[in-house]
């Protein structure tokens, strides 16, 4: 079977954990995105997918491989309740 530019589609995996756990600056999350050819009816079976050149997926926008992940600061202030003041 000849492959046309429309016969591939993009397969993307879940993003990995953020590159940082806390801090002032955001981290990055990465994932793999591949152009694949599959056998009809086997779209959900990863073992049946064949990785092909990206040119076969040019008609479809490529999903991002990296995204920013916001994290909380590594430290924070802890405080107690306000007390009564006697005058």
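So, in the range 60-69, of the ones that are in a loop (DSSP other than H, G, I, E, B) and either surrounded by 10 or more Cβ atoms within 10 Å (Cβ to Cβ) or at pLDDT 90 or above (or both), which residue ends up farthest from the chain's Cα centre (by Cα)?
The selected residue is 60.
Which of the numbered conditions does residue 23 fail, given that it passes all the others? Conditions: (1) assigned to a helix (DSSP H, G or I); (2) modelled with pLDDT of 90 or more.
Among (1) assigned to a helix (DSSP H, G or I); (2) modelled with pLDDT of 90 or more, the lone unmet condition for residue 23 is (1).
Of all residues in the range 40-59, count the ones that are at pLDDT below 70 and assigned to a loop (DSSP other than H, G, I, E, B).
The qualifying residues number 4.
For residue 34, only one of the following conditions fails: (1) surrounded by 12 or more Cβ atoms within 10 Å (Cβ to Cβ); (2) more than 21 Å from the chain's Cα centre (by Cα); (3) without any contact (Cβ under 8 Å) to a residue 40 or more places away in the chain. What is its number?
Against the list (1) surrounded by 12 or more Cβ atoms within 10 Å (Cβ to Cβ); (2) more than 21 Å from the chain's Cα centre (by Cα); (3) without any contact (Cβ under 8 Å) to a residue 40 or more places away in the chain, residue 34 comes up short only on (2).
The values are calculated or read from the model by the stated rules, or taken from the named source; none is laboratory data. For clarity, every value in this text was computed on a predicted model and none was experimentally measured. Neighbour counts are summed over all protein chains in view; Cβ atoms, including those assigned to glycine, are modelled from backbone coordinates with ideal geometry.
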